[in-house]
1. Could you check, for the range 106-114, whether at least one of its residues is touching a residue at least 60 places away in the same chain (Cβ under 8 Å), out of contact with any Lys or Arg (no Cβ under 8 Å at 6 or more places or on another chain) and either assigned to a helix (DSSP H, G or I) or not β-branched (Val, Ile, Thr) (or both)?
2. With at pLDDT below 95, of a type in the set (Lys, Arg) and touching a strand residue (DSSP E or B) at 6+ places or on another chain (Cβ under 6 Å) as the only criterion, which of Arg224, Arg173, Arg236 stands out?
3. Name the one entry in Arg55, Arg89 that is in contact with a helix residue (DSSP H, G or I) (Cβ under 6 Å, 6 or more places away or on another chain), surrounded by fewer than 17 Cβ atoms within 10 Å (Cβ to Cβ) and either outside the structural domain of Val249 (by TED's automatic domain parsing) or touching a residue at least 60 places away in the same chain (Cβ under 8 Å) (or both).
4. Return a yes/no flag: does the range 58-70 have any residue that is assigned by TED's automatic domain parsing to the domain that holds Pro147 and assigned to a loop (DSSP other than H, G, I, E, B).
5. Could you tell me how many of the residues in the range 164-215 are assigned to a loop (DSSP other than H, G, I, E, B) and out of contact with any Ser or Thr (no Cβ under 6 Å at 6 or more places or on another chain)?
6. Going by what's in this entry, would Ala191 be described as surrounded by fewer than 20 Cβ atoms within 10 Å (Cβ to Cβ) and in contact with a Gly (Cβ under 7 Å, 6 or more places away or on another chain)?
7. Among the residues of the range 256-289 satisfying the criterion of being among the β-branched types (Val, Ile, Thr) and more than 19 Å from Glu218 (Cα to Cα), which is surrounded by the fewest Cβ atoms within 10 Å (Cβ to Cβ)?
8. Name the one entry in Glu214, Glu251, Glu280 that is among the charged types (D, E, K, R), in contact with a strand residue (DSSP E or B) (Cβ under 7 Å, 6 or more places away or on another chain) and within 19 Å of Ala192 (Cβ to Cβ).
Amino acid sequence: KEWFRENMRFVDPEEHVKYQVELKPGSPSLVDIFKREKIGANDTSAAVGYAPMSRTERAVLEVERFLNSREFKKEFPESGEDIKVMGFRLEDTLRLTISMAFVDRFVPDERSYFRAKEAILERVREFVGERFDFSDLIVELNVLDRPGRGLDGVYLTVLGTSADSGDSGQVGRGNRVNGVIPLNRPIGSEAAAGKNPVSHVGKIYNVLTHRIAEAIYEQVPGLREVYVWLLSQIGRPVDEPLIAAAQVVLEPNTKLSEVASQIEDIMAAKLDTIRDLTWELAQGKIPLC
């Protein structure tokens with residue numbers, strides 16, 4: 001309920017949300033994992049993380065965060081929190097398609113809606129232009145809109161989310177742990193949300209692989225891209241993955257033999273801190289989308 005109050009301005013967690021909370025016993029064999037001397041992975045699974053984010057990925061992420069920032073909501077109160085940003089780069093042209101729920105109490109008529117929409121588009125163009133150097137930028141907002149069709153031709157909601165008209169979300173369909181859905185990158189099969197932070201590698205390794213990749217990219221010179229893979233085996237200690245591998249794209253004058261040992265050291269050091277990571281996850285200190 002606190003999350004709803006802090007993140008959804010017009011959703012009343014008492015009036016607008018129904019809750020179903022169920023506590024049930026787990027599988028005996030998986031529950032036994034917690035009784036062992038070293039807690040093992042509760043699944044055989046793999047995860048992959050990468051660094052750095054591409055220019056397009058960063059643009060998509062920063063635009064979404066800007067549109068959902070307090071500053072933006074103050075400037076455009078008619079903007080709801082239900083926002084999707086799709087980015088597509090062709091050569092040096094970035095095309096952004098944005099879906100944004102509008103809040104009906106701030107939109108008295110159709111003309112006001114389209115006037116606000118144009119102002120938001122201009123603000124997004126300004127935001128991207130100040131931070132990125134794409135040679136051309138195309139931004140479109142709520143492309144299903146049609147002037148002259150009244151309520152059928154605009155994206156209006158009561159609470160700022162399409163959920164109030166029955167559009168539901170599903171775990172696994174949302175952002176990856178780095179905040180985007182990178183369709184041209186290797187992606188693991190596990191969704192991080194809804195899993196326990198102590199033994200479920202679907203949560204732990206999803207976060208850890210990105211952290212390791214970021215550390216390697218930041219600390220080892222001569223790398224263009226870094227991909228980190230972790231494979232668990234059910235019952236095996238979480239901090240002892242069956243496979244821990246790094247795949248790197250080198251700068252032209254860098255040799256793998258020059259950086260391999262440093263990469264291995266960083267991976268080993270990060271695996272040694274996995275218990276600190278699980279504690280941060282348990283406390284909700286790490287965002288998962």
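The values are calculated or read from the model by the stated rules, or taken from the named source; none is laboratory data. All values reported here derive from a predicted model rather than from experimental measurement. Heads up, the Cβs are rebuilt from the backbone with ideal geometry, glycines too, and the neighbour counts pull from every protein chain shown.
1. Checked against the condition, which is being touching a residue at least 60 places away in the same chain (Cβ under 8 Å), out of contact with any Lys or Arg (no Cβ under 8 Å at 6 or more places or on another chain) and either assigned to a helix (DSSP H, G or I) or not β-branched (Val, Ile, Thr) (or both), the range 106-114 yields no hits at all.
2. Arg236
3. Exactly one residue qualifies, and that residue is Arg89.
4. For the range 58-70, residues assigned by TED's automatic domain parsing to the domain that holds Pro147 and assigned to a loop (DSSP other than H, G, I, E, B): present.
5. Number satisfying all stated conditions: 32.
6. yes
7. Filtering the range 256-289 down to residues among the β-branched types (Val, Ile, Thr) leaves 259, 263, 266, 273-274, 278, 286.
After this cut, where a residue has to be more than 19 Å from Glu218 (Cα to Cα) as well, the list is 274, 278, 286.
On the way: Ile274: 17, Thr278: 22, Ile286: 15.
Ranking the qualifying residues of the range 256-289, first place goes to Ile286.
8. On the way: Glu251 fails: within 19 Å of Ala192 (Cβ to Cβ); Glu280 fails: in contact with a strand residue (DSSP E or B) (Cβ under 7 Å, 6 or more places away or on another chain).
Among Glu214, Glu251, Glu280, only Glu214 is among the charged types (D, E, K, R), in contact with a strand residue (DSSP E or B) (Cβ under 7 Å, 6 or more places away or on another chain) and within 19 Å of Ala192 (Cβ to Cβ).
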